[in-house]
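First up is the structure itself, then whatever we jot down about it.
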Amino acid sequence: MSNTTESTPRPTDSRPSSSMTFREMLATLWQFIRPYRKTLFAAGVALVFTAGITLSIGQGVRLLVDRGLVASSSEALSQAVLVIIGLALLMALGTYARFYLVSWMGERVVADLRKAVFDHIVTLHPSYFETNRSGEIMSRLTTDTTLLQHIIGTSFSMALRSSLMFVGALALLLFTNLKLSLMVLIGVPLVLAPILLYGRRVRRLARASQDSIADVGSYAGEVIQHIKTVQSYTRERDEKRAFGREVEAAFGVAKRRIRQRAMLIAVVILLMFGAISGLLWVGGNDMIAGRMTAGDLAAFVFYAVMMGSAVATISEVYGELQRATGATERLVELLNVESEIPVGGANTEPTNPPGAAGAEVAFEAVDFSYPSRPEQPAIRGLNLVVEAGKSLALVGPSGAGKSTLLELLQRFYDPIGGRITLDGVDIRELDTAGLRRQLAVVPQQPALFTADVWYNIRYGRPEASDAEVMAAARAAHAHDFIQQLPDGYNSHLGEQGTRLSGGQKQRIAIARAILKDPKILLLDEATSALDAESEYHVQQALQALMEGRTTIIIAHRLATILHADSIAVLDRGRLVAQGRHAELIEVSPLYKRLADLQFQDAGRQKHVAE
């Protein structure tokens, strides 16, 4: 078997290294937490309450030892036990409130963050998606936000609680025994040093780990999306190997991150218990010498253990917080992407009122290159006018710029030079949504959603009634095959409409355009996937739909555009000829060559059929 796949892995996107600090992460998340300040305050109260109750248990332990065990008093022992039980009950209630409020906060904030990111993504300029993989974007929207939910709802709460416990335990240590407390204060920096040292490494590896997980998701999503192609070319084994390499690469990064976290936790535990052992030795000698009571030593050990546990928890959670920093940075990168096509314009009103006839479209000295290919002009100095209510057909070889003109008219991109006008108004001065509401597109590759027929047709006009949807389906000659689906109009079409044939998908798309009832109709090979009979009926439907509307048609089959009001011949982004079919045969060598090839081929096919 060839080793080509092994030696030429797919390229991956270059990503910026992690640079967001922990403080910057908190400032970013605060924008989403701020609306729920009351809930945050209540959670803080519950947090302080439970921390205070937990620390109070140490005094219960002191009473238990001094007045109960050492004094051999059964009554004092019972009272001390009751105090501890009461404190435990209060701690349980406080913990319930804290856990519920903090978990609610985590779910709510992440839900808002997901919506904010998605709301921003759907407004981004199409060129952004040319250079950024959809799987990578989805990973940020799902995996990263899930990680943040865990951090906000669990880890951050644990970090705050442990910090309070650390401070409270330290204060009570100082109150209980000054000499031992000074020993603790000397040991604290030794425990915190590895947290800071290894924390930086964990943060870098956390960002790399999230990126590698995104690579795995992107690769798998692409293969699944093109599974028929993979199986048709029998590349299953190659894709398994390639995916295996992606998984192993992600595992390698995760392994390094886990090793650093494990080392951090191990070092902290070793230092913590070493310090506690030293405290027990010094404190035990002081108790034997009578310089402190057994209860004081028990309380001191309890607080020391609480401090050690707090430090151990902080060291463990610190790695999670560093991962949250990387995840937050990746999400902020998405939120900070600015769309090159602003949503609004100087004029927020449509150029025509509802129900008006089609608008005049004019391309004036338009120059354009795709952002991903700036050195290759797609449109060069093009001047073209489509009169209101008239039809214009665009023909030419592949790469001539036909589909580019439709994308420019929809303002997915803006021209580099020149302008495009609607009834004399530059479309850059119009509200983008208002502009697009006047357009309906039937593309060569229809986009259908994983939903039922109602949803897919009604996508053109969500408020349409069932009767209007069915009327549009009939006009597109789709009603009959829809009725034959298992659940009729309630039938789900599968991902990207996989349960329909190519011709059926196209008729659904035509029904969607008919339902939208646009002023400007854009047809990009709208009948290319239909059989001869269906094409005839749909052409009739389109003729009725085109009546009174400005229509731009892209067609490779010239037979479908012979009745267009005008035909524009494009070549390498330039307009080389324009006129009716008979005129172009005489004046345009390119058009004549295209016509000869197609009609001669059609004649041969007819001859063979006869």
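What follows is calculated from the coordinates using simple rules that are stated; it is not laboratory data. This structure is a prediction, so every number in the text was calculated from the model and none was measured. Cβ sites come from the backbone with ideal geometry, for glycine too, and all protein chains shown count toward neighbours.
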Note to self: Using a Förster radius of 35 Å, what is the FRET efficiency between Leu174 and Val81 based on their Cβ-Cβ separation? Nearest 0.05, please.
What the structure shows: 0.80
Checklist line | Charge dipole magnitude, Cβ of K and R +1, D and E -1 - the range 541-603, Cα centre, debye nearest 20 | finding: 180
Checklist line | Residue pairs, from the table Lys390/Lys516; Lys38/Lys115; Lys115/Lys519, whose Cα atoms sit over 24 Å apart | finding: Lys115/Lys519
Check: Among 140-146, 373-379, what's the highest-first ranking by average C-beta atoms within 10 angstrom per residue?
Finding: 140-146, 373-379
Checklist line | Inter-label distance, nm, simple model (7 Å from Cα along the C-beta direction), Val337/Ala294 | finding: 6.8
Margin query: Taking 0.36 nm per residue of sequence separation and subtracting the Cα-Cα distance, how much length would be gained by fully extending the chain between Ala532 and Phe243, in nm to one decimal?
Written below: 99.8 nm
Item checked: Packing-based exposure ordering (other Cβ within 10 Å, fewest first) of Lys255, Lys505 -> Lys255, Lys505
Next item on the list: Rank the residues Glu407, Glu338 as a footprinting-exposure proxy: fewest other Cβ atoms within 10 Å of their Cβ go first.
Entry: Glu338, Glu407
Note to self: Is the C-alpha gyration tensor of the range 385-431 telling us rounded, prolate or oblate? Criteria: a/c under 1.5 is rounded; beyond that, a/b larger than b/c is prolate, otherwise oblate.
What the structure shows: oblate
Notebook entry, point to check: Which net charge results for the neighbourhood of Arg512, defined as the other residues with beta-carbon distances under 13 angstrom from its beta-carbon, given Lys and Arg at +1 and Asp and Glu at -1?
Noted result: +3
Check: Ordered by packing density, taken as the mean number of other Cβ atoms within 10 Å over each peptide's residues, highest first, how do 100-109, 462-471 rank?
Finding: 100-109, 462-471
Notebook entry, point to check: How far, in nm, would the chain grow between Arg235 and Asp414 when pulled straight, counting 0.36 nm per residue and subtracting the alpha carbon separation?
Noted result: 60.5 nm
Check: Rounded to the nearest 0.05, what FRET efficiency is calculated for Met138 and Asp487 with R0 set to 22 Å and r the Cβ-Cβ distance?
Finding: 0.15
Notebook entry, point to check: To the nearest 0.05, what FRET efficiency results for Ala467 and Thr498 with a Förster distance of 30 Å applied to their C-beta separation?
Noted result: 0.60
Notebook entry, point to check: In what order do Tyr318, Tyr36, Tyr303 fall by count of nearby beta-carbon atoms within 10 Å, going from fewest to most?
Noted result: Tyr36, Tyr318, Tyr303
Checklist line | Packing rank of 154-166, 475-487, where each peptide gets the mean count of other beta carbons within 10 Å, highest leading | finding: 154-166, 475-487
Next item on the list: For Tyr370 paired with Phe41, estimate the spin-label separation in nm (one decimal), with each label point 7 Å from Cα along the Cα-to-Cβ line.
Entry: 5.5
Notebook entry, point to check: From the backbone phi of the range 110-122, what are the Karplus-calculated ³J(HN,Hα) couplings (6.51 cos²θ - 1.76 cosθ + 1.60, θ = phi - 60°) in whole Hz, Gly and Pro given as x?
Noted result: 5, 4, 5, 5, 4, 5, 5, 5, 5, 4, 6, 4, 5
